[in-house]
Amino acid sequence: MCNASHMSPSITLLGTGGPRPDVARGATSLLIEAGDDAILIDAGRGVVRQLAALDVALARIDPVLITHHHYDHIGELHDVILSSWLMGRTRPLRLFGAGNAAHRRDTGPSGLRQGH
């Protein structure tokens, strides 16, 4: 049986800044957590640092949803992918979104070496 209190979702704004560098705000990113699930929406500048500051295991992030391809939404996408492997990810990170994001679903080390 499912524990309803364990499934209550939380939303954390990890960055609300725009494309200009801002020491007070990271670029666009938010985290949705429900139970053991951790969904990252966008991966703007500063997202990996914010996740580390909140003690969110990078290997737990899955999937990443990209709303669009402006760099303030994808600036640290590669860092999310690579750092999550360094921090213990054992399965490919699912990546969904606009444009060619769907073609980058195999984000394991072999997918990166092949240039997907």
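Table for the structure above
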item: Residue pairs meeting the criteria (Cβ under 6 Å; at least 6 apart or on separate chains; first under 11 Å from T12 (Cα atoms), in the range 23-50; second of a type in the set (V, I, T) and buried (at least 24 other Cβ atoms within 10 Å of the Cβ)); result: S29/V47; A38/I61; L40/I61; L40/V64
item: Condition broken by T16, with the remaining ones in (1) at pLDDT below 95; (2) touching a helix residue (DSSP H, G or I) at 6+ places or on another chain (Cβ under 8 Å); (3) hydroxyl-bearing (S, T, Y) satisfied; result: (2)
item: Of residues in the range 7-22 being free of Cβ contacts under 8 Å to residues at least 24 places away in the same chain and among the aliphatic types (A, V, I, L, M), the one nearest to E76 (Cα to Cα); result: L13
item: Complete set of residues in the range 61-101 that are under 9 Å from the mean Cα position of the chain (by Cα), under 15 Å from A27 (Cβ atoms) and of a type in the set (D, E, K, R); result: E76
item: Some residue of the range 64-72 being modelled with pLDDT under 90 and surrounded by 13 or more Cβ atoms within 10 Å (Cβ to Cβ); result: yes
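The values are calculated or read from the model by the stated rules, or taken from the named source; none is laboratory data. Small disclaimer: the values here were computed from a predicted structure and weren't measured. Virtual Cβ from ideal backbone geometry, glycine too; neighbours counted across all protein chains shown.
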